[in-house]
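The values are calculated or read from the model by the stated rules, or taken from the named source; none is laboratory data. Keep in mind that this is a model prediction, so the values were computed, not measured. Here the Cβ positions follow ideal geometry from the backbone for every residue, glycine too, while neighbour counts run over all protein chains shown.
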Amino acid sequence: MRRREFVGLLGGAATWPVVALAQQPAMAVVGFLSSISPQAFAERLRGFRQGLKDGGYLEGENVAIEYRWADNQNDRLPSLAAELARRRVAVIVAAGPPASLAAKAEASSFPTVFLVGDDPVRLGLVTSLSHPGGNMTGINISNLEVAAKRLDLLRQVLPKAARVAVLINPADAAATHTQLEELEAAARNTGLQIQIFKADSSAEIDAAFETISRERPDAVFITTTPFFNGRRVQLAQLAAFHRVPATYGLRDYAEAGGLMSYGSNIVDAYRQVGIYVARILKGSRPAELPVVQANKFELIINAQTARMLGLTIPASLLAIADEVIE
């Protein structure tokens, strides 16, 4: 072989891998937008990644995820959503109503999968549950509509309770209204007195519990909002410190030391979000994907906290609990 031909062959061999790599498809990028902090999302992200895996996608292998956390500063969400849009992500995941409303501004250009605990039609995210009709779809967890059930479970633990403090976040007016309607109706039917306390910051949560401690209601009902979910450790610790039984809407609170929780299985709900994201990455349009109504609920009881409060959990509740934390 002549020298010139040999050099030419070497040159072709050296450049072939570069050409091959250049022809490989770019990795899909998913944007993940949340109003709270990553510390509150470890288990939920596990569910989300499992859903992606179920759909054939593994983070770091054939899909990348760009995370944006507002750290309980909802006014940052619009700019974070715009950042994801500039990143040209394939899909945006919006965790919770504030993030979903912020992502809606970008939804005309980018498919969005939301997870909300309120009616997505009432929030203006979709035109109907069965036919979303736009570029958004997602999962609707029913934690707002089970407020009466949560109150009933609390009364089974405290059958002599006459007065319950209800902690609300006034900034989340829609979610608060839905839960208060249920609670007030249930309280009227059972003769239970409820007393409303408001908190929109960590300092206001502390102040509310100081007042609750002085007035000594029989229990505290923590309404479900993204802000309170981001303060679950503070809320569980304050209830323990002031020795007042409390009920919550998500298992995160019971795991942090809260007495009991009843609501949608949030990890499974995020798994369903991951499944929908995978379907969109494969070509499905959000308008063709009905909003999923989460129907998997779980009762979590923290037996250690019950003992600390001097409470005996009825055997009937222990029998139906999905998990009893010892």
- So which residues in region 208-230 are in contact with an Asp or Glu (Cβ under 8 Å, 6 or more places away or on another chain) and either at pLDDT 95 or above or in a helix (DSSP H, G or I) (or both), if there are any at all? Pro226, Phe227, Asn229
- Being out of contact with any Asp or Glu (no Cβ under 9 Å at 6 or more places or on another chain) and either under 14 Å from Thr305 (Cβ atoms) or of a type in the set (Phe, Trp, Tyr) (or both) is the filter here, so list the residues in region 234-256 that pass it. Leu235, Gln237, Ala239, Ala240, Phe241, Arg243, Ala246, Thr247, Tyr248, Tyr253, Ala256
- For region 112-126, the count of residues that are over 16 Å from Tyr67 (Cα atoms) and not charged (D, E, K, R) equals 8
- Query: With respect to Glu204, is the statement that it is without any contact (Cβ under 8 Å) to a residue 24 or more places away in the chain, surrounded by 14 or more Cβ atoms within 10 Å (Cβ to Cβ) and not hydrophobic (A, V, I, L, M, F, W, C) true?
  - Reply: yes
- Is it true that some residue in region 270-278 is under 27 Å from Leu318 (Cα atoms) and over 15 Å from the mean Cα position of the chain (by Cα)? no
- Across (1) surrounded by fewer than 19 Cβ atoms within 10 Å (Cβ to Cβ); (2) within 16 Å of the chain's Cα centre (by Cα); (3) within 25 Å of Val121 (Cα to Cα), Glu255 clears everything bar (3)
- Message: Looking at the structure I just gave you, is Ala70 modelled with pLDDT under 95, surrounded by 12 or more Cβ atoms within 10 Å (Cβ to Cβ) and touching a Leu at 6+ places or on another chain (Cβ under 9 Å)?
- Response: yes
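Going by what's in this entry, would Arg76 be described as part of a helix (DSSP H, G or I), at pLDDT 95 or above and farther than 21 Å from Phe228 by Cα?
On the way: part of a helix (DSSP H, G or I): yes; at pLDDT 95 or above: yes; farther than 21 Å from Phe228 by Cα: no.
Considered against the rule, which asks whether it is part of a helix (DSSP H, G or I), at pLDDT 95 or above and farther than 21 Å from Phe228 by Cα, Arg76 comes out as no.
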- Query: Looking at region 275-303, which of its residues are part of a helix (DSSP H, G or I) and of a type in the set (Lys, Arg)?
  - Reply: Arg279
- Task: Might you check whether a residue that is in a helix (DSSP H, G or I), small (Gly, Ala, Ser), at pLDDT 90 or above and surrounded by 11 or more Cβ atoms within 10 Å (Cβ to Cβ) occurs anywhere in region 46-57?
- Result: yes
- Among the residues of region 18-31, is there at least one that is out of contact with any Leu (no Cβ under 8 Å at 6 or more places or on another chain) and in contact (Cβ under 8 Å) with a residue 12 or more places away in the chain? yes
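Does Ala171 satisfy being in a loop (DSSP other than H, G, I, E, B) and more than 19 Å from Thr247 (Cβ to Cβ)?
The answer is yes for Ala171.
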- Task: For region 61-88, name all the residues that are of a type in the set (Lys, Arg), free of Cβ contacts under 8 Å to residues at least 40 places away in the same chain and out of contact with any helix residue (DSSP H, G or I) (no Cβ under 6 Å at 6 or more places or on another chain).
- Result: Arg76, Arg86
- Item | Subset of region 98-110 (residues that are surrounded by 24 or more Cβ atoms within 10 Å (Cβ to Cβ), in contact with a strand residue (DSSP E or B) (Cβ under 6 Å, 6 or more places away or on another chain) and in contact (Cβ under 8 Å) with a residue 60 or more places away in the chain) | Ala99, Ala103
